[in-house]
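Peer 1: Encoded as structure tokens, here's the structure I'll be asking about.
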């Protein structure tokens, strides 16, 4: 197995209250931020110059890299995840519209974002490897301010409440119909029938010991 690069920088996308995670396997050669119409491009080694502060315009983060099909010395991860699996997961997160937690370690980038754009293509010279570009737009929850009025003094004070971002995905319910199997159900919800075990594990009490025996009318939780 090819060795991984030791770096204090790691890039992560997490989803559904950190239950789903992607570590970017190959750090991008450059990392772009935009704010209030201005654009700066910095090298990965200089990411420590990016500061996330209060009372500023929303940020956009853009970078390009690739999902490798095979190990090589530039990897940031120990084990390779199939590029198509990563692409499918990102597309699912983008379609769901829930905030994504974006983290770049060692430089203070730790905030919630929406996937604004995601494009990818397979390289002809390296079968199975996919080049991609992604743009993340900062997500901000509505800030609630509590106003306290002092009638005798005729003054008012405003207490700022820090917003909490909830990117938890609520499980869906599905009623089995005649002719169904867990593979078909997984294909319907995830676009990939091989994820049937995720549905089975969440519904063992309903299905029982044999995942091949399911019946019309049963109601399953789709995680």
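Every number in this text was worked out from the coordinates using simple rules, so none of it is lab data. Bear in mind that the values here come from a model prediction, so they are computed numbers and not experimental data. All Cβ positions, glycine included, derive from the backbone under ideal geometry; neighbour counts span all protein chains shown.
Peer 1: How much length is gained if the chain between residue 197 and residue 32 is pulled fully straight, taking 0.36 nm per residue apart and subtracting their Cα-Cα distance, in nm to one decimal?
Peer 2: Once the chain is fully extended between residue 197 and residue 32, it gains 55.5 nm.
Peer 1: Which translational diffusion coefficient, to the nearest whole µm²/s, is obtained for region 172-222 from the Stokes-Einstein equation, given a Kirkwood hydrodynamic radius over C-alpha pairs, 4 °C and 1.567 mPa s?
Peer 2: Translational D for this selection: 122 µm²/s.
Peer 1: Taking only C-alpha pairs under 8 Å that are 6+ residues apart, what is the relative contact order of region 172-222 in percent?
Peer 2: 52
Peer 1: I need the fraction of alpha carbon pairs in region 90-133 separated by more than 12 Å, rounded to a whole percent.
Peer 2: Roughly 69 percent, rounded to a whole number.
Peer 1: Okay, moving on. Modelled label-to-label distance, residue 216 and residue 110, 7 Å Cα→beta-carbon offset: nm?
Peer 2: Here the modelled spin labels are 5.3 nm apart.
Peer 1: Would you mind calculating the gained length between residue 76 and residue 117 on full extension (0.36 nm times residue separation, minus the Cα-Cα distance), in nm to one decimal?
Peer 2: Separation in residues times 0.36 nm, less the Cα-Cα distance, equals 12.4 nm.
Peer 1: Continuing with this model, one more query. For a footprinting-style exposure proxy, rank 129, 113, 78 by other Cβ within 10 Å, fewest first.
Peer 2: By the 10 Å Cβ count, ascending: 78, 129, 113.
Peer 1: Taking the number of other C-beta atoms within 10 Å as the exposure measure, put 178, 140 in order starting with the fewest.
Peer 2: Going from sparsest to densest Cβ surroundings: 178, 140.
Peer 1: Distance in nm between label sites at residue 181 and residue 92, each 7 Å beyond Cα in the beta-carbon direction?
Peer 2: It is 2.0 nm.
Peer 1: Per-residue counts of other Cβ atoms within 10 Å, averaged by peptide: what ranking do you get for 117-124, 62-69, highest first?
Peer 2: Packing order, densest peptide first, comes out as 62-69, 117-124.
Peer 1: Give me 181, 107 ranked fewest to most by other Cβ atoms within 10 Å of their Cβ, as a rough exposure proxy.
Peer 2: The most exposed by this proxy come first: 181, 107.
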